[in-house]
Amino acid sequence: MQQTAARRALRAAAVVTSVTITSALTIGPSLAADPIKIGSVLSATGPASFLGDPEQKTLKLFVEALNKKGGILGRPVELVLYDDGGDANKARTFATRLIEDDKVVAMVGGTTTGTTMAMIPVFEDAKIPFISLAGAIEIVEPVRAFVFKTPHTDKTACQKIFEDMKARGLTKIGMISGTDGFGKSMRAQCMKVIGDYGITALVDESYGPTDADMTPQLNKIKNTADVQAVLNPGFGQGPAIVTRNYAQLGIKLPLYQSHGVASKSFIELAGPAAEGVRLPAPALLIADKLADTDPQKPVVMDYKKSYETATGQPVSTFGGYGFDGIQLLVSAIERAKSVEPQKIRDAIEGTKGHVGATGLYTMTPTDHLGLGTESFHMLEIKGGDWVPQDKK
Amino acid sequence: MLRKILSSRIAVLLLLAAMIAIVPVLAPSSFYLRVAALVWIFGLAALGLTILTGYAGQVSLGHAGFLGIGAYAVAVGPAKLGLDPLLSLLLGAVLCGLVAYAVGKPILRLKGYYLAIATLGFGLIVALVLTSEGAITGGPDGMQVPRVVLFGWRIAGVVPWYWISGGALLIGALLALNILASPSGRALRALHDSEVAAAGVGVDVAAKKLAAFVISGVYAGVAGSLLALMNGFITPEAAGFMHSIELVAMVIIGGLGSVVGAVVGAAFLVVLPQALTVLQEYEQAVLGLLIMVFMIVLPAGIVPSLRRLVLERAA
């Protein structure tokens with residue numbers, strides 16, 4: 001009795017093991033005519049899935065559409081997709097697998113800064129181009145030969161804001177920043193470039209991420225002589241509270257918020273106090289409000305439409321990073337007329353005036369992001385809605 | 001005869017050594033070596049946990065906390081304090097031992113569920129500190145781990161780390177086998193079966209439990225250091241709750257109280273997700289299902305169940 005049960009158990013174990021091994025050996029559906037393999041490691045599940053999921057959907061959609069049109073250089077494209085669950089160690093294992101086992105010619109992925117930084121050495125050592133979809137400026141500064149990225153950085157947002165201030169003749173400002181990760185990082189980036197615009201910060205205040213009242217800090221700014229405008233780098237509900245306190249104190253100076261609150265929920269939280277607040281935002285957010293002459297308009301509207309019909313979900317800027325990443329790569333392969341990683345890398349670096357969903361990309365050997373301040377659109381809140389302030 | 005071979009210490013070590021030696025021969029690319037190196041590293045952590053859970057019968061849901069401490073020791077030590085990476089590894093192991101002692105002293109007076117929850121809290125605190133102390137740890141984005149330079153030789157790439165992690169696993173297994181064969185090991189086993197009976201025959205229950213906790217903490221710490229050094233980069237995610245659960249699952253799937261089982265359990269949870277990526281969205285579901293199937297058909301864990309089968313056949 002005991003023995004037959006044991007034998008049955010052994011047989012079950014053997015079946016399970018052999019099924020696993022067979023499934024491991026047949027890797028992916030094989031496409032006809034020698035496909036071009038493009039790798040992608042994304043955080044489609046786990047804590048960063050709000051970023052990784054739209055990225056994954058976008059990449060799949062794009063590659064599907066590309067193959068319907070006949071692929072690149074007459075060859076179909078195979079997207080080798082892995083989910084790291086936000087784990088840097090897993091991301092690195094998958095990166096090794098993409099290079100050693102799948103033999104991809106390039107990679108578009110790396111949802112978070114953590115997973116991207118863990119994967120960079122693998123791609124640098126193998127000399128395979130890697131277009132990251134993560135935010136931090138450390139990814140491309142210092143420049144690494146084979147690493148690029150598509151999302152704009154806090155620095156670009158700061159530059160956009162200072163440009164706008166300078167155009168309005170505002171050169172003496174007050175800062176009030178959140179001490180959360182986003183607020184801290186953006187404040188540091190702003191302080192680095194503020195001098196380039198001849199602007200000085202006369203006061204530099206901060207608040208904690210859970211503070212419910214910023215009146216004391218704002219009062220100090222109000223009582224500082226000569227302040228002409230106020231900038232508030234921050235994320236979450238802090239900026240909404242700042243905006244309301246600002247109105248309650250009757251401060252009449254122009255208030256600038258960051259791209260961190262470029263969402264409808266900010267207008268709802270801040271209420272009527274948000275009137276007249278300015279902030280930089282990516283084109284995707286205001287796709288239908290873009291001027292018809294805007295070069296980004298057709299690209300953004302096209303992406304928005306195809307994403308929303310295919311997934312039934314509203315488009316997000318994160319998916320846009322993936323869209324730009326794969327497009328930059330495809331265009332580079334077409335220009336290089338080759339799938340040799342070194343030539344693809346050179347072609348990506350030679351990208352000029354590429355119109356993407358996030359902005360216009362022009363890469364150089366010293367700039368592997370390639371976005372200027374035109375990737376942001378300055379918005380003003382009027383009547384509870386965004387109004388683009390771009391010069392016509 | 002067969003029973004004697006299967007339970008001999010030398011046979012276990014030879015088996016592990018053979019596994020470590022044969023993978024590079026069969027591996028078609030260094031990707032497979034990396035996966036195997038991860039198995040040895042997580043196997044080392046699971047080995048420590050097997051002493052705590054398999055022998056002393058105590059459950060820890062916060063062991064990734066020690067993994068995190070060990071990992072950040074080799075990251076912060078050289079980068080912020082200018083220490084040698086190898087010295088940092090040793091200091092990290094000592095730190096894990098001290099932390100385990102300080103944490104274990106009050107916690108191990110708790111029994112059963114309470115101990116599990118207390119260790120859970122410990123793991124969460126470590127992950128929280130690593131995430132929020134951005135100035136030292138680099139925050140949620142993680143930090144670079146400097147490369148080890150030994151006698152002017154920069155240890156980078158998969159191959160050297162494969163052999164280092166394999167060697168570390170062998171040393172860990174040797175120590176674990178010796179501990180388990182010693183009077184202390186027998187005391188731990190007695191404790192697992194019945195705390196009251198063990199105390200009755202003169203085992204200092206609290207001291208033995210604490211010793212097992214400290215030892216398992218040091219194992220996890222060294223494993224964490226090796227992981228960080230091999231990857232050259234570390235994020236606070238390493239100390240996360242899911243990793244603690246993974247470690248416990250490795251020990252249980254492989255077989256409670258078995259040295260080889262800890263390594264087999266680690267292999268199960270490191271290799272299977274790689275094999276299951278073809279299933280795309282269903283990956284997690286199938287992984288869960290496989291764990292259930294294994295636990296139902298091999299309830300004592302893979303290694304002990306298989307050993308019983310072999311012995312029954314021979315008998």
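The values are calculated or read from the model by the stated rules, or taken from the named source; none is laboratory data. Owing to the predicted nature of the structure, the values given are computational and were not obtained by experimental measurement. Glycine gets a Cβ as well: all are built from the backbone with ideal geometry, and neighbour counts include every protein chain shown.
Some points to look at:
- Boolean, residue B:22 is β-branched (Val, Ile, Thr) and modelled with pLDDT of 90 or more: yes
- Hey, residue A:57 assigned to a helix (DSSP H, G or I) and modelled with pLDDT of 50 or more or not: yes
- When B:70, B:65, B:104 are checked against the criterion of being touching a Phe, Trp or Tyr at 6+ places or on another chain (Cβ under 9 Å) and at pLDDT 95 or above, B:65 stands alone in meeting it.
- The criterion of at least 3 residues that are within 8 Å of chain A (Cβ to nearest Cβ) is met, among helices (runs of 4 or more DSSP H) falling completely within the range B:236-315, by B:259-275, B:283-297, B:302-314.
- Count of the range A:80-105 residues which are touching a residue at least 40 places away in the same chain (Cβ under 8 Å), more than 7 Å from chain B (Cβ to nearest Cβ), at negative phi and under 22 Å from the mean Cα position of the chain (by Cα): 7
- Which listed residue is among the β-branched types (Val, Ile, Thr), more than 9 Å from every other protein chain (Cβ to nearest Cβ) and surrounded by 24 or more Cβ atoms within 10 Å (Cβ to Cβ), from A:143, A:108, A:77: A:108
- Among the residues examined, residue A:387 does not qualify as out of contact with any Ser or Thr (no Cβ under 9 Å at 6 or more places or on another chain) and closer than 27 Å to residue A:81 by Cβ.
- Selection of the range B:117-168 for residues being closer than 24 Å to residue B:213 by Cβ and surrounded by fewer than 19 Cβ atoms within 10 Å (Cβ to Cβ) yields B:117, B:120, B:121, B:124, B:125, B:128, B:129.
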